[in-house]
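Quick note: the coordinates plus some simple rules give every number you see, no bench work behind them. All figures in this text were calculated on a predicted structure; none of them were measured in a lab. Cβ placement follows ideal geometry from the backbone for every residue including glycine, while neighbour counts extend to all protein chains displayed.
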Amino acid sequence: MEKESALQKPPAKPLSRAERQRMLLRADIIQAAFEEFSAQGYHQTGIADIAKRLGIGHGTFYRYFKNKRDIFEHVIDDVTARIAAVLVEDNAPTAVNNIDDYRSQTQRIGSRLTKIMVETPGMLRMVLFEATSIDQEMTEKIMAFFDWAANQVTAYMENGVTLGFFRKDLDIEATGHVIVGMIITTALNFLHSTDDKEMQKRISAAVLDILIDGIADSGTSATLN
């Protein structure tokens, strides 16, 4: 027992008040940058705009970030983390074990992603348009995120094939990329026709049908009608 106790990690040292304040200010700067980039776009936003929104000086900004490119990368990381947070717990790839639960899960994920799009449409513009116009490194970062998303979808497909409620001949890797493509197209339509709620509803329903009927095993698809 003494040996096990010796191997245990000591409790984390609590942050000082000054450290907590620095962390909060850093998060506030990222949020302010997100709002400015969303409203004006990357190329039209200056460090002065971000600092003014938060009521801080340029010197304070540069204590936390090197330049506009640096903070934009942190904003993109924050955006992708928001999306990734949708795919956990009851929405994780292995959280369901039958086609009915998968349908409910897909509806939940769709609703939560739609909520993000409605609340922060500027986020979509940043990821789909702004980020890939900066430099090759940022473009690669966005493409890596899309690859990650496709791998996540592949995990859902693999779970369904393994448990028998998806077709056994399903090309799960290719299907993952196709589904991400459908989601991107849906997001583009949302940006182009923000006020056309009826069309958005129809597209969401069509995507859901494809995600269910298009890949369900024939033995389980009959239970969906």
Original post:
Taking amide H positions as placed 1.01 Å from N in the peptide plane, with prolines and chain starts having none, which residues 5 or more places from Phe166, or on another chain, fall under 5 Å of its amide H?
Top reply: Val161, Asp217
Original post:
How far apart, in nm, are two points set 7 Å out from the Cα along the Cα-to-Cβ line at Asn98 and at Phe146?
Top reply: 3.8
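Counting pairs of alpha carbon atoms under 8 Å apart in space and at least six apart in sequence, what relative contact order in percent does the range 91-172 give?
On the way: 39 pairs, mean separation 31.8, N = 82.
That works out to 39 percent.
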Original post:
Along the charge dipole of the chain, which of Ala81, Leu113, Asn97 sits closest to the positive end, that is, farthest toward it, with unit charges on the beta carbon of Lys, Arg, Asp and Glu (+1, +1, -1, -1)?
Top reply: Ala81
Original post:
Per the Kirkwood definition applied to all pairs of different Cα atoms, how many angstroms is the hydrodynamic radius of the range 16-65?
Top reply: 11.1
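With a 10 Å Cβ neighbour count serving as the proxy for reagent exposure, in which order, fewest first, do Val161, Val79, Val178 appear? If you can, show how the numbers build up before the last one.
Working: Val161 18, Val79 22, Val178 15.
Least to most surrounded, the residues fall as Val178, Val161, Val79.
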**OP:** For the range 147-154, just list the computed ³J(HN,Hα) in residue order, Karplus coefficients 6.51, -1.76 and 1.60, θ = phi - 60°, integers in Hz, with x standing in for Gly and Pro.
**Re:** 5, 4, 4, 5, 5, 5, 4, 4
Original post:
Can you list the HN-Hα couplings for the range 102-107, worked out from phi with the Karplus curve (6.51, -1.76, 1.60; θ = phi - 60°), rounded to whole Hz and with x for Gly and Pro?
Top reply: 5, 4, 4, 5, 4, 5
Original post:
Once you sort the root eigenvalues of the Cα gyration tensor of the range 75-224 as a ≥ b ≥ c, which label holds: rounded (a/c under 1.5), prolate (a/b larger than b/c) or oblate (the other case)?
Top reply: prolate
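Which order do Met138, Met157 fall in if you start with the one that has the fewest other Cβ atoms within 10 Å? Can you show the working numbers first?
Numbers: Met138 18, Met157 22.
By the 10 Å Cβ count, ascending, the order reads Met138, Met157.
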Subject >> Check: the chain dipole with +1 on Lys, Arg Cβ and -1 on Asp, Glu Cβ, in debye >> reply: 1000
Original post:
Pairs of lysine in the chain with Cα under 30 Å and at least 8 positions apart or on different chains: total?
Top reply: 12
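Normalised by the number of residues in the chain, what is the relative contact order in percent for Cα pairs under 8 Å and 6+ residues apart?
18
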Original post:
Along the charge dipole of the range 16-65, which of Ala33, Gly57, Gln44 sits closest to the positive end, that is, farthest toward it, with unit charges on the beta carbon of Lys, Arg, Asp and Glu (+1, +1, -1, -1)?
Top reply: Gly57
Original post:
Which ³J(HN,Hα) values in Hz, rounded to whole numbers, follow from the phi angles of the range 189-194 under the Karplus curve 6.51 cos²θ - 1.76 cosθ + 1.60, where θ = phi - 60° and Gly and Pro get x?
Top reply: 4, 4, 5, 6, 10, 4
**OP:** Quote the convex hull volume per residue of the range 1-157, based on C-alpha atoms, as a whole number of Å³.
**Re:** 181
